[in-house]
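Everything below concerns the one structure shown next.
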């Protein structure tokens, strides 16, 4: 069970990096410098803080982001400089690795062992856009020939 919690914790931290990349895109930042103590966003202006709170209310802590980047980049450094595109690419690779990992397989086996069917809780129906009243009325009306 502890391994499952560690996997979910890792997934949560990966999500934080994606939120940071989205925040950088919103602000127009090109690069971020991440050390154990601070996140520096570099764009039209430059800000340095121990944590970043996105416009959607997510908080990304410097220490956590640094630790995840150290794992993803595979080497130690006093700070990491990454573009938002690199953050997204590192995350995509990490997600692919996670999906193929023994930890994910073990989690699937645990779910099967406790009787949770595969795909449970996942809505497989495609999401449909809602229609306004006028669109529904227009669909019910017979077509009129063009003049």
Suppose we keep only residues that are modelled with pLDDT of 85 or more and farther than 18 Å from residue 61 by Cβ within segment 1-26. Which one would you say is surrounded by the fewest Cβ atoms within 10 Å (Cβ to Cβ)? 26
Going residue by residue through segment 90-110, is there one that turns out to be in a loop (DSSP other than H, G, I, E, B), at negative phi and either at pLDDT below 80 or within 14 Å of the chain's Cα centre (by Cα) (or both)? yes
Subset of segment 7-39, residues in contact with a strand residue (DSSP E or B) (Cβ under 7 Å, 6 or more places away or on another chain) and in a helix (DSSP H, G or I), comes to 16, 19, 20, 23, 24, 27
Restricting attention to segment 71-78, does a residue exist that is crowded, with 17+ Cβ neighbours inside 10 Å and within 30 Å of residue 111 (Cβ to Cβ)? yes
Based on this model, can you work out whether residue 63 counts as within 29 Å of residue 106 (Cβ to Cβ), outside any strand (DSSP E or B) and within 13 Å of the chain's Cα centre (by Cα)? no
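The values are calculated or read from the model by the stated rules, or taken from the named source; none is laboratory data. For clarity, every value in this text was computed on a predicted model and none was experimentally measured. Note that each Cβ is placed from the backbone with ideal geometry, even for glycine, and that neighbours are counted across all protein chains shown.
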